[in-house]
Each structure stands twice: as structure tokens, then as C-alpha cells.
Amino acid sequence: MSNTLAAPKGIPEYLPPVSAAWLAIKEALARPAVLAGFGYVELPVFEETELYVRGVGESTDVVSKEMYTFADRGGRSLTLRPEGTAGVIRSVIEHRLDRGQLPVKLWYVGPFFRAERPQQGRYRQLQQFGVEAIGSDDPALDAEVVGIADDGYRSLGLTGYRLELTSLGCRECRPAYRALLTDFLAGLDLDQPTRERARLNPLRVLDDKRPEVRAQLQDAPLMLDHLCADCAAHFAGVRELLDQRGTAYVINPLLVRGLDYYTRTTFEFVHDGLGAQSGIGGGGRYDGLMAELGGQELSGIGFGLGVDRTLLACEAEGLMPGPATPLDVYLVPLGAARAHAPRLAGELRAAGLRTDQLFGERGLKGAMKQADRSGAPYVVVVGERDLASGAAQVKSMASGEQVAVPLDGLVGYLDSVVRTTDSPVLWTDSAVPGTDSTSLKEQQ
Ligand code: HAM
């Protein structure tokens, strides 16, 4: 029997070189939100179970079947966060952010946990980049939020997705529609589990993918045909503003989301290259959630974009976000020059050049093999003789060309030959993503 340890089932890991694309995706998605004035929040990865029961809804699959719930040592019931919205609202209420300037605009990124059956694109630890904007029901805010997601995907070069949009009405118009739909469903030939689903939330039956159910749903009443005047005007406003900003969408009146808090504008980004797990992101308004969690009667809107699925979408479209090479420079110090290598590497790094060096004693042949494997486009060889003459040999790995460069001009020389678009893209640089996060390389 093997005693090799492995990561828990259904949890993806991202290692170099793919992890560089992973970081670049998070940056690219976050950048439009930062540019629109959203502030970053870092929130707990687990919360009181009650938050999700009240916030997300007991009848949802997420809450009823997929939560990682445990008792802490004090006997409190805690749950690994399955989604981000409820936690953000809890935090806004707790820290009274809603008493200041409105709307409150926040963004977050990180892991979420759902005990789902794992498959490609469906994981038990998933990552989302999300935004929440609380305290305004202006359709312009809906257009801004939807536009931020669309801009993020587009900045990655993605084109094979569509934005599906609908309105789920409000507490004025939805109950009457819900009753109408319940009556309609009662007249259909449905199996027992589907009837039970209809009882808990009839709207979710509209999402049934089975052909025999779909066929029966053709004449189902649609929420969009039963919006109250306010909701209809709001939805028209959102569509007009999206048209104006050039964000393409399709209306999908059957769009149903897996969480209970949605009202009015609701949307999903669907990618065609991913098979069954095609939802790369989704969100909407949640006009009753603040009050449900004990806060003021304030409306809000947000989204969660699946970072794992966005990476799969990039791969499906042959896109590799992030720097084209893992390094800019590889330093090969030989003999006595080894004593100078850490300082030299430090100078190159201080100039923003991603620099690694050869460690340990090697002959030139072995050293150049290491240099080649490093993936750096430029290799700097410094031997004892170079040191004496005050120069280093700089080799371009692409052309094979080698030039002698004075040591005191080395940083300037390398800085000029390394293309600026390949500069480091580091998530940890600051809360504000780097300026070059949209640099994309077509995969060779
Ligand atoms: P959600 O639709 O449940 O919404 O999740 C958002 C996105 O997270 C999905 O579109 C998908 O890309 C990704 N995702 C969800 N589950 C998995 C999984 N098991 N494996 C991989 N990716 C997954 C929410 O969570 C809402 N909180 C979004 C929101 C924010 N609505 C308003 N504000």
C-alpha cells in the first residue's frame, strides 16, 4: 500500500507555468473594478452557518447539499464560505459601511467551497473574483457592474462567450408570477423530485435541461411578461445603458440562478468551449438581502466570476495570459565571479528585471544547459576574465547572438532589450493590479 499523500478530491492546484496565467487572470478581471472605484475587501473564509441559511436560502442546492459545515471547539456551527455575497453584506452591516457614501462598492477574490460532484470545471474548492455594489437601484449601476465583468473577460482576449440577461422581478410582481407558474407546473407530467423542486422554488424547474421537461415548458408563463411597471422600466433602462456602452447581450427569459436572493437584473456569462460547466460567471441584483441579514432596506448588485473556469476558457481559446516567459534574465557566474552574483542579481531585480541565477559550481556546458531550461530570453555569463576586464557576456537565447557588455552598463542594456510587455506581473505588488495586466500572448 502506498502512503503517498495527495490533495483532497476535487480541488485543482495551479503550478508553474500555469499559475502565472492564473495570477494574470485575477489581475485582468480585477482591473476594471479597481478603475471603477471598487475597494478591496479581505473577508473570513468561514462564517456562521446561519449567514448562508438566511442569506443564500435553505432550499438552494448550495445550502441544502453542498456546504462544508463543522462545529468549532466551542460548539458553534461554522461553514466554509460557499459564495461571497452573504459575507460581504454581513461585513457591510457589521462595520456600518452603509452609513457612509452610497453606493458602497467592494471587490474580493479567493477560494470558495462547495461539496459538489467533481468534474472538469466543477471543483470543491473554486475561486471567484467578485464585486458587490450596495445602496443604489439606479440602472446605471447595473450597467456598470455587468460592464466590469464583460470588460475583464474581453481584456483577456476572450471572445467565445455570451452574456445572458433577464429580470426576475421584485417582491411586488414576483409572488403573482410565482403563483401563475406553480399553477402551470401543476398541470404538467413531472416526476416526484421535480414536483418537490417546484414546491420549493418553481422558477428552478425552468432551468431543467431534460428534453421531455423542456418540451412541456414551451408555453410556461415567463417572468419577463409579468414584470410590474417599475421593474419593466428598470430592465429597459439597464438594456439601454448596456446598448449605449456597447456591451452585447442576449435576453434569456428562462435564466435561473442557483441562489435565492436574486431580484430584477440577473445575468450569466456562458462560454461555448467548456462543455457542461459553461457558466464562467454570474450575478444580479439582490434587493432584499440587506434587510434579510438585519441591515437597512438597501438594494445591491454584484457578480462572481469563476477564476478556474475563466482559465479553462482561455485555454479553450488558445490564450495564455501573463508574461510570455517565466524570467527575463538568467545569470551564470563562473569561478571567482560567483561571489559577485547575488549583488548583480539584486541590481537587475531592483531594475524590475526578473532574474534568477545559477547556484552551485558548474562547468560552462552544464551551466548553459541550466540557463536554457530556465526559459529566460537573456543569459548573462560572468567569468573571472570578464570580471577582470569589467564586462559580461550577454547571450540572446532566441538568436544565439552574444555580446560583451560593460558591467556598469549591464542593467541599462538588459532593460532596453527585454521587451517591456514582459515585465513582471505580480499579484502581490499592491492592491491595485499592475499597469500591464492585459498583456496577452497567443500560445505558440
Ligand atoms: P454562482 O453562480 O454560484 O454565484 O458562482 C459564480 C461563478 O463561480 C460561476 O459562474 C462559476 O463560474 C463559478 N463556480 C461556481 N461553482 C463552481 C464550482 N463548483 N467549480 C468551479 N467554478 C464554480 C455566486 O456565487 C454569487 N455569489 C455571485 C454574485 C455575487 N451574485 C451577486 N453578487
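The values are calculated or read from the model by the stated rules, or taken from the named source; none is laboratory data. Being a predicted model, the structure only gives us computed values, none of them experimental. Quick reminder, even Gly has a Cβ in these numbers, built from the backbone with ideal geometry, and neighbours come from all protein chains shown. For accessibility, only protein heavy atoms count, side chains too; no ligands or nucleic acids. Shrake-Rupley method; radii C 1.70, N 1.55, O 1.52, S 1.80 Å.
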(message) Quick check on region 339-362. Is at least one of its residues in contact with a His (Cβ under 8 Å, 6 or more places away or on another chain), open to solvent by 30 Å² or more (accessible area, probe 1.4 Å) and among the aliphatic types (A, V, I, L, M)?
(response) no
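Residues of region 319-329 being part of a strand (DSSP E or B), open to solvent by 10 Å² or more (accessible area, probe 1.4 Å) and at pLDDT 95 or above, which ones? Write out each step before concluding.
Of region 319-329, the ones part of a strand (DSSP E or B) are 319-321, 329.
Subsequent filtering for residues that are open to solvent by 10 Å² or more (accessible area, probe 1.4 Å) retains 319-320.
Once the filter is applied, which keeps residues that are part of a strand (DSSP E or B), open to solvent by 10 Å² or more (accessible area, probe 1.4 Å) and at pLDDT 95 or above, region 319-329 yields only 319.
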(request) Would you confirm whether any residue within region 281-300 is among the aromatic types (Phe, Trp, Tyr) and not assigned by TED's automatic domain parsing to the domain that holds residue 155? (result) no
(message) Within region 65-87, does at least one residue satisfy the condition of being modelled with pLDDT under 95, within 25 Å of the chain's Cα centre (by Cα) and over 20 Å from residue 41 (Cα atoms)?
(response) yes
(request) Please give the number of the condition residue 366 fails out of (1) in contact (Cβ under 8 Å) with a residue 24 or more places away in the chain; (2) under 30 Å from residue 393 (Cα atoms); (3) open to solvent by 10 Å² or more (accessible area, probe 1.4 Å). (result) (1)
(message) For the list (1) closer than 25 Å to residue 247 by Cβ; (2) touching a Pro at 6+ places or on another chain (Cβ under 8 Å); (3) in the same structural domain as residue 36 (by TED's automatic domain parsing), I need the number of the one condition that residue 123 fails.
(response) (1)
(request) Take region 103-118 and flag every residue that is within 11 Å of the ligand (Cβ to nearest atom) and of a type outside the set (Lys, Arg). (result) 106, 107, 108, 111, 112, 113, 115, 116, 118
(request) Could you look through region 77-102, keep only residues that are within 15 Å of residue 258 (Cβ to Cβ) and of a type in the set (Gly, Ala, Ser), and pick out the one that is nearest to the ligand (Cβ to nearest atom)? (result) 84
(request) Please determine, by comparing only the residues of region 159-194 that are free of Cβ contacts under 8 Å to residues at least 24 places away in the same chain and within 35 Å of the chain's Cα centre (by Cα), which one is surrounded by the most Cβ atoms within 10 Å (Cβ to Cβ). (result) 194
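Taking residue 140, is it small (Gly, Ala, Ser), assigned by TED's automatic domain parsing to the domain that holds residue 314 and open to solvent by 20 Å² or more (accessible area, probe 1.4 Å)? Walk me through it before giving the result.
Details: small (Gly, Ala, Ser): yes; assigned by TED's automatic domain parsing to the domain that holds residue 314: yes; open to solvent by 20 Å² or more (accessible area, probe 1.4 Å): yes.
For residue 140, the condition - small (Gly, Ala, Ser), assigned by TED's automatic domain parsing to the domain that holds residue 314 and open to solvent by 20 Å² or more (accessible area, probe 1.4 Å) - is met.
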(message) Return the residues of region 53-80 that are over 16 Å from residue 197 (Cβ atoms), touching a residue at least 40 places away in the same chain (Cβ under 8 Å), open to solvent by 20 Å² or more (accessible area, probe 1.4 Å) and in a loop (DSSP other than H, G, I, E, B); say none if nothing qualifies.
(response) 67, 68
(message) Test of understanding: among 18, 88, 104, 53, which residue is within 30 Å of residue 326 (Cα to Cα) and among the β-branched types (Val, Ile, Thr)?
(response) 18
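Output the strands (runs of 3 or more DSSP E) that fall wholly within region 199-318 and possess 1 or more residues being more than 21 Å from residue 153 (Cβ to Cβ), or say none.
Values: elements: 263-271, 279-285, 300-306.
In region 199-318, 263-271, 300-306 are the strands (runs of 3 or more DSSP E) which contain 1 or more residues that are more than 21 Å from residue 153 (Cβ to Cβ).
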(request) Scan (1) open to solvent by 40 Å² or more (accessible area, probe 1.4 Å); (2) closer than 20 Å to residue 257 by Cβ for the single condition residue 105 breaks and write down its number. (result) (2)
(request) Give the residue, chosen from 271, 226, that is away from the ligand (no atom under 11 Å from the Cβ) and surrounded by 16 or more Cβ atoms within 10 Å (Cβ to Cβ). (result) 226
(message) Checking the conditions here, which among 27, 42 is in contact (Cβ under 8 Å) with a residue 60 or more places away in the chain and open to solvent by 70 Å² or more (accessible area, probe 1.4 Å)?
(response) 42
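Taking residue 245, is it touching a residue at least 24 places away in the same chain (Cβ under 8 Å) and more than 16 Å from the ligand (Cβ to nearest atom)? Full working, then the answer.
Working: touching a residue at least 24 places away in the same chain (Cβ under 8 Å): yes; more than 16 Å from the ligand (Cβ to nearest atom): yes.
Answer is yes for this residue.
With the structure loaded, tell me whether residue 83 is in contact with a Gly (Cβ under 7 Å, 6 or more places away or on another chain), within 21 Å of residue 134 (Cα to Cα) and free of Cβ contacts under 8 Å to residues at least 60 places away in the same chain or whether it fails that test. First the steps, then the outcome.
Values: in contact with a Gly (Cβ under 7 Å, 6 or more places away or on another chain): yes; within 21 Å of residue 134 (Cα to Cα): yes; free of Cβ contacts under 8 Å to residues at least 60 places away in the same chain: no.
Against the criterion (in contact with a Gly (Cβ under 7 Å, 6 or more places away or on another chain), within 21 Å of residue 134 (Cα to Cα) and free of Cβ contacts under 8 Å to residues at least 60 places away in the same chain), residue 83 does not qualify.
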(request) State all residues of region 286-298 that are under 13 Å from residue 170 (Cβ atoms), within 14 Å of the ligand (Cβ to nearest atom) and open to solvent by 20 Å² or more (accessible area, probe 1.4 Å); if no residue qualifies, say none. (result) 287, 288
